[in-house]
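Worksheet: the structure to be examined is printed underneath.
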Amino acid sequence: ADSPWSVEDILTEDDEQDRVPLQKLKLLGESEELRGLLLNPHLRQLLLTVDQAEDKSSLMKKYMQEPLFVEFADCCLRIVEPPEKENILPE
């Protein structure tokens with residue numbers, strides 16, 4: 001109630017499939033790998049720039065060419081959407 005905005009304020013029904021459950025988001029804060037990446041001042045500046053940008057979409061496209069940003073994004077995705085283990089049939 002004290003929050004100035006809520007998820008519902010920024011997600012439309014079309015965006016619902018992109019919603020990450022709060023429980024999974026909390027895992028981001030518990031990740032040592034992610035914390036280590038966030039110690040990098042260059043990455044922190046990139047994230048601040050995206051956060052403050054008017055046109056986040058085009059900036060994200062640009063930053064997805066930046067290896068450090070891609071490493072950050074991949075780390076976040078591995079945490080909230082762990083890769084499925086392939087079913088290996090015993091021989």
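Can you work out which of the residues in the range 23-37 that are within 17 Å of F69 (Cβ to Cβ) and not hydroxyl-bearing (S, T, Y) is most open to solvent (accessible area, probe 1.4 Å)? I'd like the intermediate steps shown before the answer.
Taking the range 23-37 first, the residues within 17 Å of F69 (Cβ to Cβ) are 28, 31, 33-37.
Pick out the ones that are also not hydroxyl-bearing (S, T, Y) and you get 28, 33-37.
Details: L28: 41, E33: 96, L34: 10, R35: 127, G36: 42, L37: 22 Å².
If we take residues in the range 23-37 being within 17 Å of F69 (Cβ to Cβ) and not hydroxyl-bearing (S, T, Y), then R35 is most open to solvent (accessible area, probe 1.4 Å).
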### Task
Being free of Cβ contacts under 8 Å to residues at least 24 places away in the same chain and open to solvent by less than 80 Å² (accessible area, probe 1.4 Å) is the filter; apply it to the range 65-88 and report the residue that is farthest from the chain's Cα centre (by Cα).
E66
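Please go through the range 38-48 and pick out each residue that is assigned to a helix (DSSP H, G or I) and either exposed (fewer than 10 other Cβ atoms within 10 Å of the Cβ) or more than 15 Å from the chain's Cα centre (by Cα) (or both). Steps first, please.
Residues of the range 38-48 that are assigned to a helix (DSSP H, G or I), as a first pass: 38, 41-48.
Listed by number, the residues that qualify are P41, H42, Q45.
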### Query
Under 8 Å by Cβ, and 6 or more places apart or on different chains, what pairs join a residue from the range 20-49 that is modelled with pLDDT of 95 or more with one that is among the basic types (K, R) and open to solvent by 100 Å² or more (accessible area, probe 1.4 Å)?
L38/R44
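Provide a single number: the residues in the range 63-91 that are more than 19 Å from E32 (Cα to Cα) and either at pLDDT 85 or above or aromatic (F, W, Y) (or both). Lay out the reasoning, then the answer.
Filtering the range 63-91 for residues more than 19 Å from E32 (Cα to Cα) gives 63-67, 84-91.
Subsequent filtering for residues that are either at pLDDT 85 or above or aromatic (F, W, Y) (or both) retains 63-67.
Final tally of qualifying residues: 5.
The values are calculated or read from the model by the stated rules, or taken from the named source; none is laboratory data. Since this is a predicted model, take the numbers as computed values, not measurements. Glycine gets a Cβ as well: all are built from the backbone with ideal geometry, and neighbour counts include every protein chain shown. Protein only, heavy atoms only, side chains kept; ligands, DNA and RNA dropped before computing areas. Shrake-Rupley method; radii C 1.70, N 1.55, O 1.52, S 1.80 Å.
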